[in-house]
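To start, the structure under review is shown below, and the notes come after it.
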Amino acid sequence: MSFNFAPPGQEEAAATPAPAEDAPSGPLTAAQRLAALKAKLAVARKTNHKAVVEEDRREKLGPEGLRDESKQKSYERQKKEVRRPRPLSARRATCLHRPPP
């Protein structure tokens, strides 16, 4: 049984940990290895929890709920795009800001 979980697209990043800048060049002590392992487990636990919560949400909504949610998000995105103010053209600017007579 393997517990090495990484979200899709992040397998490479999870497989190669970033080297620490202040890491000693010699072998790590037992305490340092334990601290590194605990940090790695904490990251894995947090990632797994997010995946489980998302999976549970999808199961509770069901296929129809997911479709409705997708439609709602699409509608809100389109609504935001419509509400963006258009830049003023030179003609519109002159019409809106006429100098007083």
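Just a few scattered comments:
- Pairs over the 31 Å Cα-Cα cut-off, from the set Lys40/Lys73; Lys46/Lys71; Lys38/Lys71: Lys40/Lys73; Lys38/Lys71.
- Each residue of region 42-54 is assigned a 3J(HN,Hα), and the resulting list reads 5, 5, 5, 5, 5, 5, 5, 4, 4, 5, 5, 5, 5 Hz, derived from the Karplus form 6.51 cos²θ - 1.76 cosθ + 1.60 (θ = phi - 60°), x at Gly and Pro.
- In Hz, Karplus ³J(HN,Hα) per residue of region 25-34 (6.51, -1.76, 1.60; θ = phi - 60°; x = Gly, Pro): 6, x, x, 7, 7, 4, 5, 5, 5, 5
- Extension gain for the segment Arg77 to Leu41, taken as residue separation times 0.36 nm less the Cα-Cα distance, is 9.2 nm to one decimal.
No value in this document is a laboratory result; all are computed from the given coordinates. None of the values given here were measured: they were computed from a predicted structure.
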